[in-house]
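The values are calculated or read from the model by the stated rules, or taken from the named source; none is laboratory data. Note that this is a predicted model, so its numbers are computed, not measured. Note that each Cβ is placed from the backbone with ideal geometry, even for glycine, and that neighbours are counted across all protein chains shown. Each accessible area value is taken on the protein alone, full model and side chains, heavy atoms only, with ligands, DNA and RNA left out. Shrake-Rupley method; radii C 1.70, N 1.55, O 1.52, S 1.80 Å.
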Amino acid sequence: MHRQRVIGGLILLAAIVIAALLIFLRGGPEEKPPEENIPLVQAQPLEIKSGNLMVQGAGTVRAREELTLSAEVAGKLVYVNPNLREGQSVARGATLFRIDTADYRNAVQTAQADVASQNVAVMEAREEVSLARAELERFQQRGASSNAYASVDSSDYAARILPPDMLTKGQDMKGQGTNGQPGNTATPTNGLATREPQLQSARAALRRAQAGLSDAQTALKRTTVRAPFSGVVRSEDIALGSYVTPGQSLGTMVGTADFEAVIPLSESEAALIPALWRLGSNRIEASVYSDYGGTRYRWQAFVDRANSVLNPQTRTIDVFLRIPNPLRGGAPAVTQKEGQKSAGASGAPPLFVGSFVEAEITGRALDEYAVLPLAALRPGNQIWLVREGRLRIVNVDILQRTDKEALIETAGLGEKPVVILGALKTATDGQQVRIAADRKTASSKTKPGKSKTKATRSGADKAP
């Protein structure tokens, strides 16, 4: 029994010694430097370009020329062009409709008869003037002799000019001037003596008849209405045999030689277009884009004019782009997918009136500017750049902003700028950041490693 107690005491003592040794010999905890919480960000290099800025905008296409079809004279329609239907094309000079000409031909004939009658009246008046002048000349020759007035009686034509008693009195007064002094006193004559007023009246009546003939001929011409330009019928309300009156609306027609697109721009965007307010001989090129059937098409255009009055609703400047030959069909503006047939000129659609289009206008030339993704633009026109692993906050000047990107000045960006796209909870100038590798790059780097591991494993399996 005593032996067992001794053995137990020795075991307990050995355990205490071992525990003491373990406590005495144990080392302190391994010290590690604190891990820095460096945020991971998505970033990409900025694209630096040079040359002309392309001022982008969007607007609506409208007809440059549009008119309302109506008749200038009244009558029954005896002919209507078969193409005068909504959506049909009409060539320039084509007869649109014709009004019954019977009444207007009769009016022309009546006016021609009036002109002929007035020509005869003018001839008669002209002959009467010649006779009156001859008679007056004989009367003057008769007054030159001493007994010139002895043969004058009331039936003589000269008596209509001056009565015989006045002629005799004039003879007694002949050779006497004022206060009985000798002199030459002219005897006044009646203005109707030469029949000139009657001739003028006949000529005025002839001009009035000629004007009536011109009106009748014009009305006859207006019975046929022709297309003033090549265009498309937008609407029509006309039927053969119906009676029309002057000014009655019979339809509308739009010209197809040129369309125009109204592009509203802000003042800052309009300032990027050189010589916008002094077009003159300077032609500012532009392009118009429209989507049709999943394909983007392009039409060549140019700046026609700019509105000097701000739009009261949007406070923008309306720039009008002129689009020649809009029905010719646009050219595909994007590359088709591999294996898909490219749309040719024959399959290209026309530009439709009323369609919404995007436009690019050639702006001023710059030596250098940067294309910034819109996701990288921060409030206050700030961007976050990565320089030597640290975040830098930079204020930028925006030249133009669209729905996808912004064009900015390169001042303050430095060489080969890299911009942060994603958001950070907190961003301070100078903080360290890590750039996440591109997924495509990471996947391309991972694939060779995976294949190498598989080859190693397959080789290990074959090993004995």
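Multiplying the residue separation of A116 and E137 by 0.36 nm and removing their Cα-Cα distance gives an extension gain of 4.3 nm. Starting from the Cα of R105, move 7 Å in the Cα-to-Cβ direction to define the label point; list residues of segment 57-98 whose amide nitrogen is under 16 Å from there. Only 76-79, 98 fall inside the zone, counting backbone N under 16 Å. The calculated Kirkwood hydrodynamic radius for segment 43-112 is 18.3 Å, given to one decimal from all distinct C-alpha pairs. When the Cα atoms of segment 205-265 are aligned to their principal axes, the ranges along those axes come out at 62, 34, 18 Å in descending order. For segment 27-126, what does the accessible surface come to per residue with a 1.4 Å probe? Please give it in Å². Accessible surface, normalised per residue, equals 64 Å². Within segment 344-423, the ratio Rg/Rh, alpha carbon atoms throughout and Rh by Kirkwood, equals 1.16.
Between A14 and D215, the distance separating the two model label sites (each 7 Å from Cα on the Cα→Cβ line) works out to 14.6 nm. Extension gain D291-V78, at 0.36 nm per residue separation less the Cα-Cα distance, in nm? Roughly 72.3 nm would be gained on extension. Sequentially through segment 261-273, phi angles give Karplus couplings (6.51, -1.76, 1.60; θ = phi - 60°) of 10, 9, 10, x, 10, 6, 5, 5, 5, 5, 5, 7, 8 Hz, Gly and Pro residues having no value and appearing as x. The calculated FRET efficiency for the pair V262 and R98, based on their C-beta separation and a Förster distance of 41 Å, comes to about 0.65.
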